[in-house]
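What follows is a single structure, written as structure tokens, with notes after it.
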Amino acid sequence: MRVFLDTNALVAAFATRGLCADVMRAVLAEHELITGDVVRAELRDALETHIKLPATTVADIVALLRAQEVVPKPGKPSEVPARDPDDRRILASAIAGRADVLVTGDRDLLAVAEAVPLPILDPRGFWTLLSKAE
């Protein structure tokens, strides 16, 4: 399965232990992780500015993500009406990357799930999906 992890899922995966870290490990071990330039930029900023991880740790995380499939910043945002313009770029990235699912904790993205041509699940919903597939 091609899985696009949103910024907040990645921040939680790298900054804490718990569900998002488990999701990240499962995706890396058994699926294809897709990320985008938009998400990587947001992630770098969040890890450096908000979480205050050391620069070397952030560089290692970015290198790990760069080794996966990376969708270039889309030329135009998705047409789906989302409150945050950056979310429209994330949607466009997930669609351009032919993701099978977008995993996010962002309520704004989850709110537009019905209008997007791919499933958008929160981390718990994705974990449940993985559990049922076993």
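Across the chain, C-alpha contacts under 8 Å between residues 6 or more apart give a mean separation that, scaled by the residue count, equals a relative contact order of 29 percent. Taking amide hydrogens as placed 1.01 Å from N in the peptide plane, the amide H of V71 sits under 5 Å from those of T35, G36, D37, each at least 5 positions away in sequence or on another chain. Translational D (Stokes-Einstein, µm²/s) of region 69-134 at 37 °C and 0.692 mPa s when Rh comes from the Kirkwood sum over C-alpha pairs? Reported coefficient: 267 µm²/s.
Here the peptides 90-96, 13-19 are ranked by packing, the mean other Cβ count within 10 Å, and the order with the highest first is 90-96, 13-19. Over region 1-77, calculate the relative contact order: mean separation of alpha carbon pairs under 8 Å at least 6 apart, over the residue count, as a percent. It rounds to 34 percent for region 1-77. The helix-only estimate of mean residue ellipticity at 222 nm for the chain, built from DSSP H runs of length n ≥ 4 each weighted as -39500 (n - 2.57), is -15500 deg cm²/dmol after division by the residue total.
Calculated from the alpha-carbon coordinates, the chain shows an Rg and a Dmax of 13.8, 39 Å respectively. Note on region 37-98: Cα Rg divided by 2.2 N^0.38 Å, N the number of residues, gives 1.22.
Only the coordinates and a few stated rules stand behind these numbers; no lab work does. This structure is a prediction, so every number in the text was calculated from the model and none was measured. Neighbour counts run over all protein chains shown; Cβ positions are idealised from the backbone, glycine included.
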